[in-house]
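Only one structure is covered here, and it is reproduced in the block below.
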Amino acid sequence: MTLPEPFRLLAYLAGVMAFVGVNAAYLVWVERKGAARFQRRPGPTEVGPAGLLQPLADAAKLLSKQLLVPPDADRTLFRVAPVLVMAPALMCLATIPFGKTLGARSLDLGLVMVFAFGSINVMAIMLGGWASRNKYAIISAARIVSQNVAYEIPMMLVVITLIMVTGTTNLQEIVEDQAGGFWKWNVFNLAANPLMPVTFVIFFICMLAETNRAPFDMAEAESELVAGAFTEYAGMGFGVFFMAEYANILVGCSLGAILFLGGWQSPFGILSGVGWFLLKLYALVFTVVWVRWTFPRTQFYGLLNLSWKILIPVSLGTLVLTCIMLKIF
Amino acid sequence: MNAEGFPGAVRLAEIIFVISGLTVLAGALLAVMAHRIIRSVCGLALCCIGLAGLYAFLQSPFLALMQILIYVGAVCITIVFAVMLAEPDEPGEPHTGQGGGLWLPCALLICAVVGWALATLAVKTPWVEPAVRTSDGSLKAIGMALLTTHSLAFEVVSVVLLVAIVGALAIAHGGRGVAR
């Protein structure tokens, strides 16, 4: 079936939206079940078998709530912010190649595009926090900026290291370069850089911080800031922020799977396909949930110190090491 | 791109151009006319996204993405951050310039003259079209150009950043001295 190109792109975007919707709903369920199991309680059980219909019930509840705008708030910005958080995440996911033939387009600048649109996300959360005219929200917005600026740098250094190894920013080509078994994946590419697993761990930590996940959820620290930037949002306004958080986790984990774990390549060199990509994606997502319910929230100074004093020097070190290795061999 | 059968397929490029242009205009107007400074910054961000659209339209996708990454993702965020720390909570009285009646016609006149001059220049100049495209706008071409052909300009530009850092340090140091 050959649709005209613009129709194909629109259909693909609709598919991505459906993917994000289903995933956001059911990742909430995974999160709640996971949290419950880590704390030795059953989690949601009432709605549907094993609580499987719980996300639908939550969605119905959120949709039926009144959309409140606080009287002092900046009305336009307050309404626009949730949309601005969601839209870039969709754009990022549209560049991710899910399989050999399953991708919107083979963009030469795919990796750059993910980071370009990912950077809008911070701006949007910050505007939402500012427009709420709420002290907690503004403190949270200030935290989000310093956190994201601090973690953007090691993230970029790691990605530059990786681009030097792959020599391309085309996500599809990066995946194709890792064909032929798990020892060919970038995370085990020790010939290019003996510290590659460290690089992957730095990437994962930065990804957690950029998506504002625990232990780095300073922006939404509910014991100090109520709900941070989202304090004043009611009903689906809050729901969209919540969905966008999971959409961003999906983007981050897909990127991790593609850059380091071989994307849709199979670990045994045969039977590559979409299934492997989803398996790796959800393994990373589960790790994110696991980390959240295992580690307590860090302090804000601890968070910034980790980035400026440990992650940036180490990632600079791996960058230099990769330069040397690539020059010698 | 095989766009047959899509509504308005023939004019797709023009439509994208017009949308980008309108976004730039709307963002610029918002940046100038908003009373709250944070809305001006939003206008600036919108303007930059429109500019990125124009770059993409002119087949420089790398420049377009860098426009978003640097101007929206870094510059605008820094400005909003500074505004959030500095701006008083309530917006002040709308500022009316001295002799309000005279300024508007003067400004319009100057704008009209400058706009007319630029437009005439653009239309009348006999632009020479290059016989071949000098660059395909790809990452490789840009990298080669920056690090070989134009490496001197590239290095000189980076000196500006160094000056900015030193300047920021000097200002911060002076500020601390006063506080003591």
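The values are calculated or read from the model by the stated rules, or taken from the named source; none is laboratory data. Computed from a predicted model, the values in this text were never measured in an experiment. When we count neighbours, we look across all protein chains shown, and the Cβ atoms used for this are built from the backbone with ideal geometry, even at glycine. Note: accessible area is taken over every heavy atom of the protein model, side chains too, but ligands, DNA and RNA are not part of it. Shrake-Rupley method; radii C 1.70, N 1.55, O 1.52, S 1.80 Å.
Observations on the structure shown:
- The mean number of Cβ atoms from other chains found within 10 Å of a Cβ in peptide B:45-52 is 1, as a whole number.
- Summary of the geometry: the range A:40-106 and the range A:211-238, compared by the centres of their Cα atoms, lie 15 Å apart.
- Residue of A:Val251, A:Val240, A:Val226 that the Gaussian network model of chain A assigns the largest fluctuation, springs spanning Cα pairs under 10 Å: A:Val226
- Dividing the helix sum by the residues of chain A, where each DSSP H run of 4 or more adds -39500 (n - 2.57), gives a mean residue ellipticity at 222 nm of -22000 deg cm²/dmol.
- Minimum 40 Å² accessible area buried by the other protein chains, the range B:54-75 residues, probe 1.4 Å, relative to alone: B:Leu65, B:Ile68, B:Leu69
- Radius of gyration, Dmax [chain A; alpha carbons; angstrom]: 20.2, 64
- Ranking by accessible area, most exposed first, for A:Lys100, A:Lys33 with a 1.4 Å probe: A:Lys100, A:Lys33
- Normalised by the number of residues in the range A:161-232, the average gap of Cα pairs under 8 Å and 6 or more apart makes the relative contact order 11 percent.
- Rounded to the nearest 10 degrees, the angle from helix A:235-259 to the longest Cα principal axis of chain A is 10 degrees.
- Mean separation of Cα contacts under 8 Å, 6 or more apart, over the residue count of chain A: relative contact order %: 24
- Cα-centred dipole magnitude for the range A:72-328, charges only on beta-carbon of K, R (+1) and D, E (-1), debye, nearest 20: 180
- Residues A:Phe277, A:Phe300 ordered from highest to lowest accessible area at a 1.4 Å probe: A:Phe300, A:Phe277.
- Accessible surface buried at the A:B interface totals approximately 2600 Å², computed with a 1.4 Å probe on protein heavy atoms.
- Crossing angle, helix A:75-95 versus chain A [Cα axis fit, 0-90 degrees, rounded to tens]: 30
- Crossing angle, helix A:196-210 versus chain A [Cα axis fit, 0-90 degrees, rounded to tens]: 20
- Judged by the mean number of other Cβ atoms found within 10 Å, the most tightly packed of the peptides A:137-145, A:82-90, A:56-64 leads the ranking A:137-145, A:82-90, A:56-64.
- Solvent exposure of chain A amounts to 44 Å² per residue of accessible area, where only protein heavy atoms count and the probe is 1.4 Å.
- Considering only A:Trp264, A:Trp185, A:Trp290, the mean-square fluctuation computed in a Gaussian network model of chain A, springs between alpha carbons under 10 angstrom, is largest for A:Trp290.
- Short-range pairs are left out: with C-alpha atoms under 8 Å and at least six residues apart, the relative contact order of the range A:153-289 is 31 percent.
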